[in-house]
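Each remark here refers to the structure printed beneath this line.
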Amino acid sequence: STPATAKSAILSELQVLVSSPSCTPTAQLVAAQVFLSHGDMTKEALACVHLGTSMEHMALSLQIYLRMDRLDLAKSTLKKMKQVDEEAILTQLCSVYVHVVTGKSEADDAVHIVSSLSEQYGNSIMLLNLMAAACMAAEKYAEAETALLEASAEGEDVDTLINLVVCYQQQGKDM
């Protein structure tokens, strides 16, 4: 069989697996990730996780809602996450995502949360990129550039390079 045929068969089998009543929460999360990363199967991914009550299920649902441009549903999911555990790292990260997507009006809140996470856990490439995204949403491109240069010093990363290109374009700088 061709790779496309094999991929289709695997995705179909995965859909059957997650529709089974005996499907575990972990299998639901893995299936949702597979659906998101291997084809335009956003609805199938959401079907795997939207009824889940774990923080991981809610976080992935929130990310899918943001991907679908459903900020209202993402905010509703974030509210549920905060009711469960407002201080959880997943809740904090999801808050940042929602603030960044909301735009300039809430971008400073995102910057504050990422700063707190960086102080508490130390910087990482992911947190530095998240800081840069928050700064760019707040139209603070020099701060975003600083975070991205720090991230690039920690290691090569595709997201860092993409964010750096966008940041430089917004500032009218050449690479």
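The C-beta contact set for the stretch 74-98 (first residue more than 13 Å from I113 (Cβ to Cβ) and without any contact (Cβ under 8 Å) to a residue 60 or more places away in the chain, second residue assigned to a helix (DSSP H, G or I) and β-branched (V, I, T), distance under 8 angstrom, 6+ apart or interchain) comprises A74/V98; A74/V101; K75/V98; M81/T91; V84/T91; D85/T91.
Residues that are free of Cβ contacts under 8 Å to residues at least 12 places away in the same chain and of a type in the set (G, A, S) were ranked within the stretch 26-67; the one that is surrounded by the most Cβ atoms within 10 Å (Cβ to Cβ) is A27. Screening S61, S76, S54 for residues that are closer than 28 Å to P21 by Cβ and either acidic (D, E) or in contact with a Gly (Cβ under 8 Å, 6 or more places away or on another chain) (or both) leaves exactly one candidate, S61.
In summary, M175 fulfils each of the numbered conditions (1) part of a helix (DSSP H, G or I); (2) open to solvent by 20 Å² or more (accessible area, probe 1.4 Å); (3) over 17 Å from C94 (Cα atoms); (4) aliphatic (A, V, I, L, M) with the single exception of condition (1).
Checked against the criterion of being touching an Asp or Glu at 6+ places or on another chain (Cβ under 7 Å), buried (at least 16 other Cβ atoms within 10 Å of the Cβ), of a type outside the set (G, A, S) and closer than 27 Å to S54 by Cα, the stretch 93-111 has at least one qualifying residue. The number of residues in the stretch 21-69 that are over 25 Å from V100 (Cα atoms) and of a type in the set (V, I, T) comes to 4.
Taking every residue in the stretch 1-25 that is within 18 Å of S37 (Cα to Cα) and assigned to a helix (DSSP H, G or I) and pairing it with any residue that is at pLDDT below 90 and not acidic (D, E), at least 6 positions away or on another chain, the pairs with Cβ-Cβ distances below 7 Å are K7/H38; L11/H38; L11/G39. The number of residues in the stretch 38-59 being in a helix (DSSP H, G or I) and of a type in the set (S, T, N, Q) comes to 1. In this structure, is L161 open to solvent by 80 Å² or more (accessible area, probe 1.4 Å), of a type in the set (A, V, I, L, M, F, W, C), modelled with pLDDT of 95 or more and not in a loop (DSSP other than H, G, I, E, B)? Spelling it out, L161 is indeed open to solvent by 80 Å² or more (accessible area, probe 1.4 Å), of a type in the set (A, V, I, L, M, F, W, C), modelled with pLDDT of 95 or more and not in a loop (DSSP other than H, G, I, E, B). Of all residues in the stretch 73-92, exactly one satisfies the criterion of being touching an Asp or Glu at 6+ places or on another chain (Cβ under 8 Å) and open to solvent by less than 20 Å² (accessible area, probe 1.4 Å), namely T91.
The values are calculated or read from the model by the stated rules, or taken from the named source; none is laboratory data. Quick caveat, the model's predicted, so the values are computed rather than measured. For neighbour counting, all protein chains shown are included, and Cβ atoms are generated from backbone atoms with ideal geometry for every residue, glycine included. The protein model used for the area step is the full one, side chains on, heavy atoms only, and it has no ligands, DNA or RNA in it. Shrake-Rupley method; radii C 1.70, N 1.55, O 1.52, S 1.80 Å.
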